[in-house]
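Report on one structure; see the data block that follows.
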Amino acid sequence: MTERPSYILFMTDQQRYDHLGCNGHPVLRTPNVDEMAAEGVNHDRFYVSSPVCMPNRASLMTCRMPSSHGTRSLGIPLAHHNVTFVELLRAAGYDTALIGKSHLQNVWDGDMKIDIPEAREGFSAPPDELAIAIRSDLNDERYRYEKRKFVDQHNAVVPKPFYGFDHYDSVVRHGTMNGGNYEYWLRENAPEVLCLRGPNNQFPHEYSVPQAIRTKVPEEHYATSYIADRAASWIEGRKGNPKPFFLMVSFPDPHHPFNPPGKYWDMYKPEDMPVPAAFEANDWDPPEYVKIAERDRANDPSLGQRAGYTLAVSKKEALEARALTCGMIAMVDDAVGKVRKAAVVADVADATVQIFTSDHGDHLGDHRLLFKGAEQYDTLTHVPFIWADPRGEQGVRTDKLAQTHDIGSTILEHAKVEPSLGMQGAVLGVAGGEGRESAHIQYETQRTQEAFGTRPRVHTIIHKKWRLSMYLGRCPNELFDLELDPGEMENLWNSPDHSDVRSQLLEKLAQLEIAHVDRVPLPTDQA
């Protein structure tokens, strides 16, 4: 047993709070994660810092808001001038490892969606090195480690430490077309599987939901199994090692495409899934972004086969997406069980805190939508968070507010490692902290959208039973009573009866925005 505790952080991709057995799902069975919850503290009101992959994962690593660490949207790599909490653990003597998805850097090729304005007639255009108001090196080679070109040229060997991780087995992208170290492992150990991947090689099926792929890749060669096997081997290899460790086990599932392999495809049935309220509410007047999504889908039924953003779906498609998502989560749960068992075999479980969370959610048919976008519904922002400390409380539920960028701050406090000046996360009660009064969420995208405008932004506050969202762009602002209207079907922004609540929340949101303006770098002198 080590003097300092070790940590295993399990992270999924695009998993809502309510898609766990321990969080009340009526059908899905997740015995291993449920067992973890029974051994620790399960947080009922845990929110992301941003409801999209790269910004929220950057907030996890830096303990800072997107407006501070700079990865405000997809497409912006996490700059190395940011200090990560993993680097602080490493400096304090921890062994550090990441197995699975990082998505701290871009993984797809393709031009950005922002049009740089041309110089006006009669004006001098700035040279390229002065065209953007802040100089950066984000096009440097060291921010391309997860893109296919680098992976192919360097056999998926990423220079380390990688944001503080001394060990990194990478799995990049989604579905069965994952790359990184996983793809090289397939080439060496099961080359015959490579030709089974992708939508053009799937088994026939009757599902109609976009991006449902009945993969021919066997369960044992699917990315979730690879991650579980590599993580279990890494832990078992530590038997007798007295050094504390931090291991992040990061699964690309249950993010779309919906392709649970083998037995997991048939494990859950669409007809057994709960029906989203929007398909049964006859008096619901959808917001404009739902109407636009429905119109776009009607005009182009094939839209969902290539879209990675919010998509309108039918009731049938929603239930199919839910069933397949449950199959993917069930496989992740089995993988979690394998890693947990490895900790017992290696005799490190009694000194290891195990944590479970996700980077954001998915509409999964709520509000007749699928995937994710600028919308701020609870289905996207509210995720699981379980903290199981063998020396701490067991079988406890808490409704105290917490967020993704609090995770690193809480781990550092629990490990007795001082944070860097400028880190913005709160220390949660599981580490003796007071937590937070409100959740503060920031979203930005580079993609112009009819419903939201050009390069839309939206900032949200969750306070007590209220959710208030301010949109920069075309979309009307929102105010919801999460207690009386948990499905967020009635926007109270323009309600005269709620003007006082709206004013109070706006003041609190302004205070949070001021609090999260950077206080670093520090002054170099008094004046």
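The values are calculated or read from the model by the stated rules, or taken from the named source; none is laboratory data. Everything quoted here is computed from the prediction, not taken from an experiment. Here the Cβ positions follow ideal geometry from the backbone for every residue, glycine too, while neighbour counts run over all protein chains shown. For accessibility, only protein heavy atoms count, side chains too; no ligands or nucleic acids. Shrake-Rupley method; radii C 1.70, N 1.55, O 1.52, S 1.80 Å.
If you go through the stretch 80-124 and keep only what is part of a loop (DSSP other than H, G, I, E, B), under 28 Å from ARG4 (Cα atoms) and among the β-branched types (Val, Ile, Thr), you end up with VAL83, THR84. Of all residues in the stretch 1-33, those satisfying the criterion of being more than 20 Å from the chain's Cα centre (by Cα) and β-branched (Val, Ile, Thr) are THR2, VAL27.
Does ARG322 count as part of a helix (DSSP H, G or I), free of Cβ contacts under 8 Å to residues at least 24 places away in the same chain and either buried (at least 22 other Cβ atoms within 10 Å of the Cβ) or not hydrophobic (A, V, I, L, M, F, W, C) (or both)?
When the stated conditions are applied, ARG322 does not pass them.
Does GLY100 satisfy the criteria of being without any contact (Cβ under 8 Å) to a residue 24 or more places away in the chain and not basic (Lys, Arg)? Answer is no for this residue.
Checked across the stretch 390-403, the condition of being touching a strand residue (DSSP E or B) at 6+ places or on another chain (Cβ under 6 Å), closer than 21 Å to PRO257 by Cα and modelled with pLDDT of 95 or more holds for no residue. Kindly indicate whether PRO486 is touching an Asp or Glu at 6+ places or on another chain (Cβ under 8 Å), of a type outside the set (Asp, Glu), under 29 Å from ALA281 (Cβ atoms) and surrounded by fewer than 15 Cβ atoms within 10 Å (Cβ to Cβ). For PRO486, the condition - touching an Asp or Glu at 6+ places or on another chain (Cβ under 8 Å), of a type outside the set (Asp, Glu), under 29 Å from ALA281 (Cβ atoms) and surrounded by fewer than 15 Cβ atoms within 10 Å (Cβ to Cβ) - is met. Evaluated against (1) within 22 Å of TRP284 (Cβ to Cβ); (2) touching a residue at least 40 places away in the same chain (Cβ under 8 Å); (3) of a type outside the set (Asp, Glu); (4) not in a loop (DSSP other than H, G, I, E, B), ARG502 falls short on exactly one condition, (2).
Being surrounded by fewer than 23 Cβ atoms within 10 Å (Cβ to Cβ) and under 18 Å from GLU375 (Cα atoms) is true for just one of GLY308, GLY337. Which residue is that?
On the way: GLY337 fails: under 18 Å from GLU375 (Cα atoms).
Among GLY308, GLY337, only GLY308 is surrounded by fewer than 23 Cβ atoms within 10 Å (Cβ to Cβ) and under 18 Å from GLU375 (Cα atoms).
Taking only the stretch 33-79 into account, find how many residues are outside any helix (DSSP H, G or I) and over 30 Å from ASP137 (Cα atoms). Residues in the stretch 33-79 being outside any helix (DSSP H, G or I) and over 30 Å from ASP137 (Cα atoms): 9 in total. List pairs: first in the stretch 46-57 and open to solvent by less than 10 Å² (accessible area, probe 1.4 Å) and at pLDDT 95 or above, second assigned to a strand (DSSP E or B) and among the small types (Gly, Ala, Ser), Cβ under 6 Å, 6+ apart or cross-chain? From residues that are open to solvent by less than 10 Å² (accessible area, probe 1.4 Å) and at pLDDT 95 or above, the pairs are PHE46/ALA402; TYR47/ALA439.
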